[in-house]
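The values are calculated or read from the model by the stated rules, or taken from the named source; none is laboratory data. It should be emphasised that the depicted structure is a prediction, and the values quoted were computed from it without experimental measurement. Glycine also receives a Cβ, built like all others from the backbone with ideal geometry; neighbour counts cover every protein chain displayed.
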There are 2 protein chains.
Amino acid sequence: MVSKPWSVVSIVGVGLIGGSFALALRKAGFRGKIIGVSSTSSIEAALARRVIDEALPLRDAAGQSDLIYLSQPIERILQTLEEIDPWVFPGTLITDAGSTKAAIVQCAAKKIRRGRFVGGHPMAGKQSRGVAEADADLFQRRPYVLMSPDAELEQWIRRIGSRVVILQPEEHDRLVALTSHLPQLISTVLGSSIARERGAAQVAGPAAIDMTRLAMSPYDVWRDILLTNSGPIDHALTEFIEQLEELRGMLLRPELEQKFEQAAAGAHALRGVELL
Amino acid sequence: MVSKPWSVVSIVGVGLIGGSFALALRKAGFRGKIIGVSSTSSIEAALARRVIDEALPLRDAAGQSDLIYLSQPIERILQTLEEIDPWVFPGTLITDAGSTKAAIVQCAAKKIRRGRFVGGHPMAGKQSRGVAEADADLFQRRPYVLMSPDAELEQWIRRIGSRVVILQPEEHDRLVALTSHLPQLISTVLGSSIARERGAAQVAGPAAIDMTRLAMSPYDVWRDILLTNSGPIDHALTEFIEQLEELRGMLLRPELEQKFEQAAAGAHALRGVELL
């Protein structure tokens with residue numbers, strides 16, 4: 001299907017990711033209209049920063065958009081998918097930026113009939129949230145995962161500096177359980193262990209600082225992720241615990257050197273990709 | 001005991017820490033002589049960068065120093081402590097920068113008779129090693145742990161920007177097992193899990209990057225740490241595994257919110273200290 005170039009884009013949920021996507025589109029040369037659908041406070045901040053051109057209720061925005069970008073929390077994305085389809089033009093592209101994909105793609109498969117849904121997940125973020133933190137360069141040099149190919153969406157994703165990766169929803173969820181959700185939970189447990197140990201903060205160096213940055217993430221973001229990806233997360237945690245037990249058994253044995261070498265190779269591989 | 005102000009300082013092991021201590025002393029106004037005792041390649045680099053004024057063998061350096069700063073790997077510090085005492089002036093202050101303290105302090109208690117030994121551990125570092133990376137500001141705003149008070153040493157530690165913390169060796173080792181050694185091993189296991197998972201690097205975002213930085217640390221530094229602090233590390237690992245199991249059991253339960261809050265409090269407390 002050949003689609004006309006986008007002239008109206010709606011950002012549903014104008015926070016860090018949605019706001020950054022709007023700014024990135026603009027910086028990459030998008031000259032159409034950008035509509036924001038969000039809470040009053042986000043809309044005010046987004047208009048003040050010129051992140052969006054105007055604000056509308058979802059129904060009105062949906063009815064005139066070529067692209068609808070859902071950058072809400074996961075549960076809100078699911079709610080939006082339940083109601084949006086009757087309001088869109090036939091063929092309108094709907095994508096999302098939710099951190100887990102299987103639940104969202106399943107919901108869209110049932111509910112999106114007039115529109116076309118392509119699930120997405122930009123592997124980018126910041127510790128701080130909200131449109132005040134939105135940044136046109138947030139997606140630069142980051143992977144941007146799509147659940148299926150789409151020529152025009154892929155083109156814009158490349159223009160905003162990201163690298164397109166196509167993955168099945170279940171494969172995506174399994175991989176991010178390891179690379180994103182497990183690191184969060186590890187950091188949470190470490191932060192909570194340090195919180196309970198009087199004196200630990202006195203001697204903390206760069207290692208503890210690094211490894212507890214994620215522990216400052218707010219629970220409300222994670223609740224949805226854990227609810228919609230509990231199977232893969234449980235699996236990743238179980239395997240990680242087994243690996244820790246194995247390492248505990250080799251603390252004073254020479255095999256540990258191989259473990260360090262394998263770990264360093266893994267860490268370097270991540271950075272190789274980051275530098276692409 | 002009133003001691004004369006230092007006029008000669010020897011740095012034994014002129015790498016990142018020893019070189020940074022020399023540069024930091026200079027920047028803080030130390031006008032005496034700084035002697036380096038190290039490998040030929042480190043000495044050449046240290047002289048070229050003017051980190052040290054001259055190089056001598058340990059015996060000759062020890063015989064004219066007011067402070068002897070042992071910044072070698074832990075096993076080498078233990079070897080130096082075995083032989084240095086006959087060569088120093090009575091009352092010469094010997095300190096070290098080893099990452100574990102009980103083994104070193106026990107060794108010094110047996111071997112250092114003419115000199116006075118005060119074990120130390122600056123909670124500072126960088127990923128890269130060697131005197132080429134030495135930095136006069138490395139210790140700024142960092143805790144610097146001493147095993148016993150010493151007025152002149154404490155004064156210089158404050159002058160180089162650090163905050164003195166006095167701890168017993170066993171307490172130090174127990175705390176750093178939690179705040180430094182456990183984070184290293186967690187990062188190693190995570191890096192090695194990611195290394196074995198094809199495709200993980202494709203979707204890695206900032207969380208994976210952050211949490212595997214330590215995984216790039218070289219094993220040779222860690223071998224000595226694990227050998228000299230295996231009890232507290234085993235204990236910290238065991239408790240961490242128990243905590244992970246507990247968290248795995250509450251993934252979908254509301255108690256997890258409290259865990260996130262406790263973790264965030266711990267992480268913020270570390271940063272509060274860092275900002276002092």
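Where residues in the stretch B:257-276 are at the interface with chain A (Cβ under 7 Å from one of its Cβ atoms) and of a type in the set (A, V, I, L, M, F, W, C), which of them is surrounded by the fewest Cβ atoms within 10 Å (Cβ to Cβ)?
B:ALA265
Among B:ILE186, B:ILE225, which is within 21 Å of A:ARG196 (Cα to Cα) and of a type in the set (Val, Ile, Thr)?
Step by step, each of B:ILE186, B:ILE225 is checked, and only B:ILE186 is within 21 Å of A:ARG196 (Cα to Cα) and of a type in the set (Val, Ile, Thr).
With farther than 21 Å from B:VAL164 by Cβ and at pLDDT 95 or above as the only criterion, which of B:SER38, B:SER71, B:SER99 stands out?
Working: B:SER71 fails: farther than 21 Å from B:VAL164 by Cβ; B:SER99 fails: farther than 21 Å from B:VAL164 by Cβ.
B:SER38 is the lone residue from the list that is farther than 21 Å from B:VAL164 by Cβ and at pLDDT 95 or above.
Is it true that some residue in the stretch A:164-171 is charged (D, E, K, R), in a helix (DSSP H, G or I) and under 30 Å from B:ILE241 (Cβ atoms)?
Within the stretch A:164-171, the first condition is being charged (D, E, K, R), and the residues that meet it are A:170-171.
Those still in the list that are in a helix (DSSP H, G or I) too: A:170-171.
Applying the additional criterion that residues be under 30 Å from B:ILE241 (Cβ atoms) yields A:170-171.
Yes: one or more hits.
Those residues that are among the aliphatic types (A, V, I, L, M), over 27 Å from the mean Cα position of the chain (by Cα) and at the interface with chain B (Cβ under 7 Å from one of its Cβ atoms), I need them from the stretch A:227-255; list them, please.
Answer for the stretch A:227-255, where residues must be among the aliphatic types (A, V, I, L, M), over 27 Å from the mean Cα position of the chain (by Cα) and at the interface with chain B (Cβ under 7 Å from one of its Cβ atoms): A:LEU244, A:LEU247, A:LEU251, A:LEU252.
Tally the residues that are at the interface with another protein chain (Cβ under 7 Å from one of its Cβ atoms) and among the polar types (S, T, N, Q), restricting the search to the stretch B:150-186.
Number of matching residues: 3.
Which residue out of A:ARG223, A:ARG213 is among the basic types (Lys, Arg) and more than 19 Å from B:ALA269 (Cβ to Cβ)? Reasoning before the result, please.
Numbers: A:ARG213 fails: more than 19 Å from B:ALA269 (Cβ to Cβ).
Exactly one of A:ARG223, A:ARG213 is among the basic types (Lys, Arg) and more than 19 Å from B:ALA269 (Cβ to Cβ), namely A:ARG223.
Answer yes or no as to whether B:ARG129 is assigned by TED's automatic domain parsing to the domain that holds B:SER65 and either in contact with a strand residue (DSSP E or B) (Cβ under 7 Å, 6 or more places away or on another chain) or at pLDDT 95 or above (or both).
Values: assigned by TED's automatic domain parsing to the domain that holds B:SER65: yes; either in contact with a strand residue (DSSP E or B) (Cβ under 7 Å, 6 or more places away or on another chain) or at pLDDT 95 or above (or both): no.
No.
When you go through (1) of a type outside the set (D, E, K, R); (2) surrounded by 15 or more Cβ atoms within 10 Å (Cβ to Cβ); (3) within 24 Å of B:ASP210 (Cα to Cα); (4) in contact with a Lys or Arg (Cβ under 9 Å, 6 or more places away or on another chain) one by one for A:GLY119, which number turns out not to apply?
(3)
Are there any strands (runs of 3 or more DSSP E) wholly within the stretch A:27-98 with 1 or more residues that are crowded, with 23+ Cβ neighbours inside 10 Å and out of contact with any Gly (no Cβ under 7 Å at 6 or more places or on another chain), and if so which?
Fully inside the stretch A:27-98 and qualifying: A:33-37, A:67-70.
What pairs come out if I take residues in the stretch A:218-236 that are surrounded by fewer than 16 Cβ atoms within 10 Å (Cβ to Cβ) and pair them with residues that are of a type in the set (Phe, Trp, Tyr) and in a helix (DSSP H, G or I) whose C-beta lies under 8 Å away, six or more apart or interchain?
Within 8 Å, the pairs are A:PRO218/B:PHE260.
Check whether at least one residue in the stretch A:124-142 is among the small types (Gly, Ala, Ser), facing another protein chain (nearest Cβ under 7 Å) and under 23 Å from A:ARG76 (Cβ atoms), and report yes or no.
Looking for residues that are among the small types (Gly, Ala, Ser), facing another protein chain (nearest Cβ under 7 Å) and under 23 Å from A:ARG76 (Cβ atoms), one finds at least one in the stretch A:124-142, hence yes.
Name the residue that is surrounded by the fewest Cβ atoms within 10 Å (Cβ to Cβ), counting only residues in the stretch B:149-180 that are farther than 15 Å from B:GLY29 by Cβ and charged (D, E, K, R).
It comes out as B:GLU170.
Residue under question is B:GLY205, and the condition is that it be within 7 Å of chain A (Cβ to nearest Cβ), out of contact with any Leu (no Cβ under 8 Å at 6 or more places or on another chain) and more than 19 Å from B:SER128 (Cβ to Cβ); does it hold?
Answer is yes for this residue.
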